[in-house]
1. Scan segment 40-59 for residues that are assigned to a helix (DSSP H, G or I) and either outside the structural domain of residue 103 (by TED's automatic domain parsing) or within 19 Å of the chain's Cα centre (by Cα) (or both) and jot them down.
2. Return the only residue of 273, 302 being within 12 Å of residue 171 (Cβ to Cβ) and touching a strand residue (DSSP E or B) at 6+ places or on another chain (Cβ under 9 Å).
3. So for segment 230-247 (the condition being assigned to a loop (DSSP other than H, G, I, E, B), more than 30 Å from residue 154 (Cα to Cα) and more than 10 Å from the ligand (Cβ to nearest atom)), does at least one residue qualify?
4. Among the residues of segment 60-88, write down those that are surrounded by 18 or more Cβ atoms within 10 Å (Cβ to Cβ) and assigned to a helix (DSSP H, G or I).
5. I'd like to verify a number: residues in segment 102-142 that are farther than 24 Å from residue 255 by Cα and within 13 Å of the ligand (Cβ to nearest atom), how many?
6. When residues of segment 68-87 are filtered for being in contact with a helix residue (DSSP H, G or I) (Cβ under 8 Å, 6 or more places away or on another chain) and either within 11 Å of the ligand (Cβ to nearest atom) or at pLDDT below 95 (or both), how many remain?
7. In segment 198-215, how many residues are touching a residue at least 60 places away in the same chain (Cβ under 8 Å), touching a strand residue (DSSP E or B) at 6+ places or on another chain (Cβ under 9 Å) and within 12 Å of the ligand (Cβ to nearest atom)?
8. Let me confirm something: among 148, 181, which residue is surrounded by 15 or more Cβ atoms within 10 Å (Cβ to Cβ), within 16 Å of the ligand (Cβ to nearest atom) and not assigned by TED's automatic domain parsing to the domain that holds residue 238?
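The values are calculated or read from the model by the stated rules, or taken from the named source; none is laboratory data. None of these values were measured; they are calculated from a predicted model. When we count neighbours, we look across all protein chains shown, and the Cβ atoms used for this are built from the backbone with ideal geometry, even at glycine.
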Ligand code: UFG
């Protein structure tokens, strides 16, 4: 079996590529390295290119036969999407259409899609299950919801089966320190907490006036290795049943920004310096997943997604980063 992994040099994609290769699946990573790292591709073949370039994709699909596509490549920063939505609609929607059209034309039948908890917007209830209405409150979330809708229509019309995963907050790194989270610029909470611990420079906590127990935003942190495992199970599932499904992927536990800082302070035995500043645009107060469907249908077991394990793996990575 051979799969194409777009964005396989990025954070979640690189962990998925490694896991698929460990399971004996041939992988071809396609990445333009706009936010990914060549050094993160520790298995399979690497091709540098743009998944929205129809001519290039036609050529790639004639060169290789793929059993499925795992589509990670996208812009994924909530605050950046609020400031620069055009980039998000172009990359995450227009280019995805080009990729899908070429996939359909070359007869590929299975597509695993990186969607997001950001498709739900401000939750009407938590934990958020798959029946929860989707009303995104930022352009990033909207692009991912459009992606899901396109996939539903493409299945009916063209028979391409998909599995959409709504990741909650991807976090953690490979426990052996080989690969990990490396965005530039970095906007995610955990790497910034680590940096504050290493440099002693103050980090910012965005908002302490949300309707949560301590006023800071609550998120559901899910280990990147558990996410990778879900992609393997999800692909097998849609191949076996010839259907499309979507799943919320989280730990089902919520932690506030201040909870997370305090947990890490306990692990380190050291204070993390921070200032409380105003809210960041586009942030929902609470995002916590129900992972019952993924557990039941896929047999998914998020073994590394407790907060201490995530923070320990992240700390190990930050101290030994290779890229
Ligand atoms: N935060 C801070 N200070 C920082 C950085 C973040 O207080 O320096 C806060 C944010 O305001 C938010 C929480 O920490 O309340 C988590 O922020 P992240 O930027 O780490 O993650 P997001 O929740 O914004 O977004 C992540 C992914 C998105 C995805 C979303 C879904 O980056 O792609 O989770 O839950 F859509």
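1. Going through segment 40-59, the residues assigned to a helix (DSSP H, G or I) turn out to be 40, 54-59.
Of everything in segment 40-59, just one residue is assigned to a helix (DSSP H, G or I) and either outside the structural domain of residue 103 (by TED's automatic domain parsing) or within 19 Å of the chain's Cα centre (by Cα) (or both), namely 40.
2. On the way: 273 fails: within 12 Å of residue 171 (Cβ to Cβ).
Criteria check complete, one pass: 302.
3. Residues of segment 230-247 assigned to a loop (DSSP other than H, G, I, E, B): 242-244.
Pick out the ones that are also more than 30 Å from residue 154 (Cα to Cα) and you get none.
Within segment 230-247 (the criterion being assigned to a loop (DSSP other than H, G, I, E, B), more than 30 Å from residue 154 (Cα to Cα) and more than 10 Å from the ligand (Cβ to nearest atom)), the answer is no, since none of the residues qualifies.
4. Residues satisfying the conditions are 60, 61, 78, 80, 81, 88.
5. Taking segment 102-142 and keeping what is farther than 24 Å from residue 255 by Cα, we get 102-113, 139, 142.
Subsequent filtering for residues that are within 13 Å of the ligand (Cβ to nearest atom) retains 139, 142.
So the answer is 2.
6. Step one: of segment 68-87, the residues in contact with a helix residue (DSSP H, G or I) (Cβ under 8 Å, 6 or more places away or on another chain) are 68-78, 80-82, 85, 87.
Filter once more, keeping what is either within 11 Å of the ligand (Cβ to nearest atom) or at pLDDT below 95 (or both): 74-78, 80-82.
Going through segment 68-87 one residue at a time, the tally reaches 8.
7. Residues that pass the stated criteria total 9.
8. Details: 148 fails: not assigned by TED's automatic domain parsing to the domain that holds residue 238.
Testing whether each residue is surrounded by 15 or more Cβ atoms within 10 Å (Cβ to Cβ), within 16 Å of the ligand (Cβ to nearest atom) and not assigned by TED's automatic domain parsing to the domain that holds residue 238 leaves just 181.
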